[in-house]
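First the structure, in the form of structure tokens, and then the observations on it.
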Amino acid sequence: MVAQTNRNQFIFGGQLLAQALYAAVQTVSDKLPHALHASFEFPASAIRPLVYQVREGHDGRSLSRRRIMACQSGHTVLWADASFSAAGDGFRHQSGWRSQPPVPDSLPALAAVAARYGTQVSEHGRGRLTTYPQLEIRPIEVREHLLLQPGNPASRIWMRARGDMPAGPTGWAAVLTYLSDYLLINAALIPHVSEMPNEHLFVASLNHAMWFHVPADPSRWLLYETESNWAGQGRALIHGRFYSEAGQLVASVVQEAMIRIRKNSGQRS
């Protein structure tokens, strides 16, 4: 995959997470990933090679564990622990989506959203007008998504992967991991739109955890519901849930992120 970079020209965190998990799944043949816990340690350059090292852990009948380190130019840029499990029977329940969402095809594509709102969006919000070529999104609450108006610390977008991708449940899990880091921070920013300066904030993912409940094809539409129940001291905690179009909960996400206003910034005019 071509390196996907953020505005600072560092590799998108979701790509690092996905590649780390995909490296680990190559070492486990009889189980599916069910959890990933990762910490971002150092920014990754898009012009230098990355090396993923997988260390084998426990291998039991029902569970396996792997430790993954992503290294670049002598730095550890990310470490992750991945857990794998065999299928088993047990009790079943799930949380449903917050409210019935509109179907994806009833919502405008991102190009149409950009054409309508592009001149109104703040400097920091402009990154919401386009996305990576491997990703298609349809925001539900458009003005909140673009950081044009404040709202509750929550966000809902339909999203799906495009183009060639690994096949089967293990490959799907890696792609879903890639999707999970996309604009997760938005839920923590939406309540503070009126306080934001008209410039880029300093935001960075600090750590990321994900649980895979059932296999889901990421080339099909998935609803990504996110909410932030706390922000303070330059950090925010965000929770995310992926649902299929039928309303099945397929994965859960938690991330801690850094959010800081740059020094000497002017306020929004």
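The values are calculated or read from the model by the stated rules, or taken from the named source; none is laboratory data. Model, not experiment: these values are computed from the prediction. A quick note on method: Cβ atoms are made from the backbone with ideal geometry, for glycine too, and the neighbour counts reach across all protein chains shown.
Restricting attention to region 59-102, and to residues there that are within 19 Å of the chain's Cα centre (by Cα) and among the small types (Gly, Ala, Ser), which single residue is farthest from Glu245 (Cα to Cα)?
Among residues in region 59-102 that are within 19 Å of the chain's Cα centre (by Cα) and among the small types (Gly, Ala, Ser), the one farthest from Glu245 (Cα to Cα) is Ala70.
Which condition from (1) out of contact with any Ser or Thr (no Cβ under 7 Å at 6 or more places or on another chain); (2) at pLDDT 90 or above; (3) closer than 24 Å to Gln134 by Cα is the one that Ser64 breaks?
Unmet for Ser64, out of (1) out of contact with any Ser or Thr (no Cβ under 7 Å at 6 or more places or on another chain); (2) at pLDDT 90 or above; (3) closer than 24 Å to Gln134 by Cα: (3).
Okay, residues lined up against (1) closer than 17 Å to His34 by Cα; (2) in contact with an Asp or Glu (Cβ under 8 Å, 6 or more places away or on another chain); (3) surrounded by 21 or more Cβ atoms within 10 Å (Cβ to Cβ); (4) not assigned by TED's automatic domain parsing to the domain that holds Arg7:
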| position | (1), (2), (3), (4) |
| --- | --- |
| Tyr224 | no, no, yes, yes |
| Gln233 | no, no, no, yes |
| Gly240 | yes, yes, yes, yes |
| Tyr243 | yes, yes, yes, yes |
| Val253 | yes, no, yes, yes |
| Ile259 | no, no, no, yes |
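Considering only region 145-173, state which residues are surrounded by 15 or more Cβ atoms within 10 Å (Cβ to Cβ) and of a type in the set (A, V, I, L, M, F, W, C).
Residues satisfying the conditions are Leu146, Leu147, Leu148, Ala154, Ile157, Trp158, Met159, Ala161, Met165, Trp172, Ala173.
Give me the pairs: first residue in region 188-206 and over 13 Å from Ile238 (Cα atoms), second residue hydroxyl-bearing (Ser, Thr, Tyr), beta-carbon distance under 6 Å, and six or more apart or on different chains, which are they?
Hits for this filter: Pro197/Ser265; Asn198/Ser122; Glu199/Ser265.
Within region 95-104, can one find any residue that is assigned to a loop (DSSP other than H, G, I, E, B) and within 26 Å of Ala80 (Cα to Cα)? First the steps, then the outcome.
First, the residues of region 95-104 that are assigned to a loop (DSSP other than H, G, I, E, B): 95-103.
Still in the running and within 26 Å of Ala80 (Cα to Cα): none.
No, the conditions are met nowhere in region 95-104.
Can you pull out every residue in region 97-153 that is touching a residue at least 24 places away in the same chain (Cβ under 8 Å), over 21 Å from Leu179 (Cα atoms) and not aliphatic (A, V, I, L, M)?
Result: Tyr117, Gln120, Ser122, Glu123, Arg143, Gln149, Pro150, Gly151, Asn152.
Return yes when Pro43 is touching an Asp or Glu at 6+ places or on another chain (Cβ under 8 Å) and either over 24 Å from Arg162 (Cα atoms) or buried (at least 19 other Cβ atoms within 10 Å of the Cβ) (or both) and no when it is not.
Spelling it out, it is not the case that Pro43 is touching an Asp or Glu at 6+ places or on another chain (Cβ under 8 Å) and either over 24 Å from Arg162 (Cα atoms) or buried (at least 19 other Cβ atoms within 10 Å of the Cβ) (or both).
Out of (1) assigned to a strand (DSSP E or B); (2) surrounded by 15 or more Cβ atoms within 10 Å (Cβ to Cβ), what's the single condition that is false for Ala23?
Here Ala23 clears every test but (1).
Exactly one condition in (1) surrounded by fewer than 20 Cβ atoms within 10 Å (Cβ to Cβ); (2) under 17 Å from the mean Cα position of the chain (by Cα) is false for Leu17; which is it?
Single failed check for Leu17: (1).
Could you look through region 181-217, keep only residues that are buried (at least 16 other Cβ atoms within 10 Å of the Cβ) and among the hydroxyl-bearing types (Ser, Thr, Tyr), and pick out the one that is farthest from Gly88 (Cα to Cα)?
Here the residue is Ser205.
Which one of these does Thr5 not meet: (1) modelled with pLDDT under 95; (2) out of contact with any Phe, Trp or Tyr (no Cβ under 8 Å at 6 or more places or on another chain)?
With (1) modelled with pLDDT under 95; (2) out of contact with any Phe, Trp or Tyr (no Cβ under 8 Å at 6 or more places or on another chain) applied to Thr5, the lone miss is (2).
Is it fair to say His34 is more than 30 Å from Val142 (Cα to Cα) and at pLDDT 95 or above?
When the stated conditions are applied, His34 passes them.
Criterion first (over 18 Å from Glu225 (Cβ atoms), touching a residue at least 12 places away in the same chain (Cβ under 8 Å) and out of contact with any Leu (no Cβ under 6 Å at 6 or more places or on another chain)) does Phe91 satisfy it? Before the answer, list the steps.
Details: over 18 Å from Glu225 (Cβ atoms): yes; touching a residue at least 12 places away in the same chain (Cβ under 8 Å): no; out of contact with any Leu (no Cβ under 6 Å at 6 or more places or on another chain): yes.
Spelling it out, it is not the case that Phe91 is over 18 Å from Glu225 (Cβ atoms), touching a residue at least 12 places away in the same chain (Cβ under 8 Å) and out of contact with any Leu (no Cβ under 6 Å at 6 or more places or on another chain).
Report, by residue number, each residue of region 26-77 that is in a strand (DSSP E or B) and under 23 Å from Val250 (Cβ atoms). Explain how you work it out, then say what you get.
Residues of region 26-77 in a strand (DSSP E or B): 32-40, 45, 51-59, 63-72, 75-77.
Listed by number, the residues that qualify are Leu32, Pro33, His34, Ala35, Leu36, His37, Ala38, Leu63, Ser64, Arg65, Arg66, Ile68.
Scan (1) closer than 17 Å to Leu17 by Cα; (2) free of Cβ contacts under 8 Å to residues at least 40 places away in the same chain for the single condition Leu78 breaks and write down its number.
The failed condition is (2).
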